[in-house]
Amino acid sequence: MAQNNSQIPYRQHIYANIVGWGMYVPETRLSNEDLEAILNTSDEWIQSRTGIKERRIAAEREVTSTMGLKAAQQALTVTRILPEDLDMIIVATCTPDNAFPSTASLIQNWLGANRAAAFDLSAACSGFVYAVNMAAQAIRSGSIKTAVVIGSETMSRVMDWQDRATSILFGDGAGAVVLQASTEEGGVLSAVLRSDGAGYDLLGLPLMDSPYNNNHKLRKMFMIGGEVFKFATRVITESVTEAVYKAGITLDDVALVIPHQANDRILMAAARSLNMDKDKFMSNVERYGNTSAASIPIALCEAVQEGRIQEGDYIVLVGFGGGLSWGAVVIRWRVPRPENVQGSRVAQSRRRVSYLRARLRDRWRYWRRRLSSTFSRIRPNYGRIPRLRSKIDEYDFDD
Ligand code: UT7
């Protein structure tokens with residue numbers, strides 16, 4: 001039976017606003033001069049071709065999950081949200097600690113986010129843009145209220161340090177945002193997500209031998225830089241234009257574009273092609289290099305800290321990379337000035353308790369497993385456990 005409009009219950013429009021942001025980069029800096037000592041390269045070449053001066057390198061015990069956790073915790077401090085309020089955690093990464101369990105599951109456990117779904121998203125350097133849109137869609141559909149989206153990478157562990165054309169580009173780090181349902185118009189307004197798998201051989205990180213692996217080393221990243229450069233400039237222009245159109249605004253309305261930080265020359269070429277002022281393109285590539293899926297959230301955090309994003313601004317996030325994959329989202333920023341939005345002290349203390357409880361639970365589970373496996377090993381020694389022995393003797397195995 002056809003339903004007339006008056007029977008359809010009124011559902012308020014839900015928006016997915018960014019309400020928290022955080023980043024973490026390792027302490028160790030690797031400068032171009034340091035690279036000169038290990039590779040046939042020069043500071044002059046690297047700076048003139050890429051704009052990069054230094055990048056951060058993860059310490060021995062730092063991995064994608066531990067850096068992602070720190071970024072997520074920092075993003076939560078801006079809000080009043082507790083870990084148990086989170087419905088979803090997505091980690092965009094191409095350098096996960098494991099194939100499974102997901103990096104997101106590890107972070108979910110350490111945060112004590114006991115009600116959250118958790119999964120990793122693999123779309124290389126476009127991963128963060130994809131993940132923000134996935135979380136925003138889930139919020140806007142009404143199925144969840146709060147999500148943390150993290151981009152975290154340990155690129156230094158998958159570099160071929162003999163390949164000077166690629167290894168000089170990348171660095172390690174993590175960034176995160178918290179998205180929350182709101183009835184206030186804003187947040188993620190439009191998205192363009194695309195892929196062209198025909199470019200699989202331009203940029204990749206093979207994990208196992210496959211019929212289409214053209215002699216690339218396993219667990220080492222490869223890239224045909226020149227081709228990726230041309231692809232990147234083209235898709236930034238196309239996807240930003242389309243996402244802006246879909247959001248119902250014009251390029252003139254955009255306060256800041258936050259692109260994947262791959263190479264300053266790519267950003268300048270894209271700005272030229274869009275006929276936009278280069279100053280409207282956020283760039284921090286000189287300090288961190290290319291941190292793949294982490295580069296956009298790190299740049300977003302720094303843009304907020306530098307006061308380059310104000311309440312009501314339209315910003316565009318645009319990513320591109322392996323797949324080939326690319327995507328852009330338009331966001332209306334709805335958070336008042338950062339100094340006014342620090343999460344309450346009460347929430348801060350409750351979050352600390354939650355992290356501590358999660359840590360204790362984690363340790364408790366670990367020791368319980370150790371103890372139970374120790375006991376299961378001594379079980380066959382019937383002399384030590386006579387009661388168990390007599391129980392087994394009583395048992396009729398033929399039954
Ligand atoms: O995050 C994923 C997306 N990735 C990107 O967007 C990266 C896109 N590509 C690029 O940023 C650039 O293509 C690179 C920075 C990777 C390379 O810059 P290029 O201007 O395209 O250089 P090229 O590969 O054409 O190489 C030019 C020359 C070559 O020497 P010959 O053949 O002209 O004698 C290279 O061997 O520069 C040489 N070269 C280097 N020289 C000093 C390549 N790497 C280096 C190096 N130091 N590190």
Qualifying residue in the stretch 282-290 (condition: open to solvent by 20 Å² or more (accessible area, probe 1.4 Å) and hydroxyl-bearing (Ser, Thr, Tyr)): yes
Long-range neighbours under 6 Å by Cβ, at least six apart or interchain, first residue of a type in the set (Asp, Glu) within the stretch 223-236, second more than 8 Å from the ligand (Cβ to nearest atom): Glu227/Leu202
Sole residue being in a loop (DSSP other than H, G, I, E, B), open to solvent by less than 30 Å² (accessible area, probe 1.4 Å) and modelled with pLDDT of 95 or more, chosen from Ile331, Ile309: Ile309
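Take Ser122 and decide whether it is open to solvent by 60 Å² or more (accessible area, probe 1.4 Å), without any contact (Cβ under 8 Å) to a residue 60 or more places away in the chain and within 16 Å of the ligand (Cβ to nearest atom). Before you say what the answer is, go through the steps one by one.
Working: open to solvent by 60 Å² or more (accessible area, probe 1.4 Å): yes; without any contact (Cβ under 8 Å) to a residue 60 or more places away in the chain: yes; within 16 Å of the ligand (Cβ to nearest atom): yes.
Yes; evaluated as a whole, the condition is true for this residue.
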Residue check for Glu44: open to solvent by 30 Å² or more (accessible area, probe 1.4 Å) and more than 10 Å from the ligand (Cβ to nearest atom): no
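Regarding the stretch 296-317, can at least one residue be identified that is touching a Cys at 6+ places or on another chain (Cβ under 9 Å), closer than 28 Å to Arg55 by Cα and within 16 Å of the ligand (Cβ to nearest atom)?
Within the stretch 296-317, the subset touching a Cys at 6+ places or on another chain (Cβ under 9 Å) is 296.
Filter again for closer than 28 Å to Arg55 by Cα, leaving 296.
Cutting the leftovers down to within 16 Å of the ligand (Cβ to nearest atom) gives us 296.
Within the stretch 296-317, one or more residues are touching a Cys at 6+ places or on another chain (Cβ under 9 Å), closer than 28 Å to Arg55 by Cα and within 16 Å of the ligand (Cβ to nearest atom).
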Hits in the stretch 21-33 (condition: open to solvent by less than 70 Å² (accessible area, probe 1.4 Å) and either more than 30 Å from Thr79 (Cβ to Cβ) or within 13 Å of the ligand (Cβ to nearest atom) (or both)): Leu30, Ser31, Asn32
Complete set of residues in the stretch 178-225 that are closer than 19 Å to Val318 by Cα and not small (Gly, Ala, Ser): Val178, Leu179, Val188, Leu189, Val192, Leu193, Arg194, Asp196, Leu203
Qualifying residues in the stretch 132-173 (those that are within 16 Å of the ligand (Cβ to nearest atom) and among the hydrophobic types (A, V, I, L, M, F, W, C)) - the one most open to solvent (accessible area, probe 1.4 Å): Trp161
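Please pick out the residue among Glu185, Glu227 that is surrounded by fewer than 16 Cβ atoms within 10 Å (Cβ to Cβ) and in contact with a Leu (Cβ under 7 Å, 6 or more places away or on another chain).
Going through Glu185, Glu227 in turn, the sole match is Glu227.
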Counted residues, the stretch 312-328 - those being open to solvent by 10 Å² or more (accessible area, probe 1.4 Å), assigned to a strand (DSSP E or B) and touching a Phe, Trp or Tyr at 6+ places or on another chain (Cβ under 6 Å): 1
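The values are calculated or read from the model by the stated rules, or taken from the named source; none is laboratory data. Source: prediction; values computed, not measured. Heads up, the Cβs are rebuilt from the backbone with ideal geometry, glycines too, and the neighbour counts pull from every protein chain shown. Note: areas computed on protein heavy atoms with side chains; ligands, DNA, RNA excluded. Shrake-Rupley method; radii C 1.70, N 1.55, O 1.52, S 1.80 Å.
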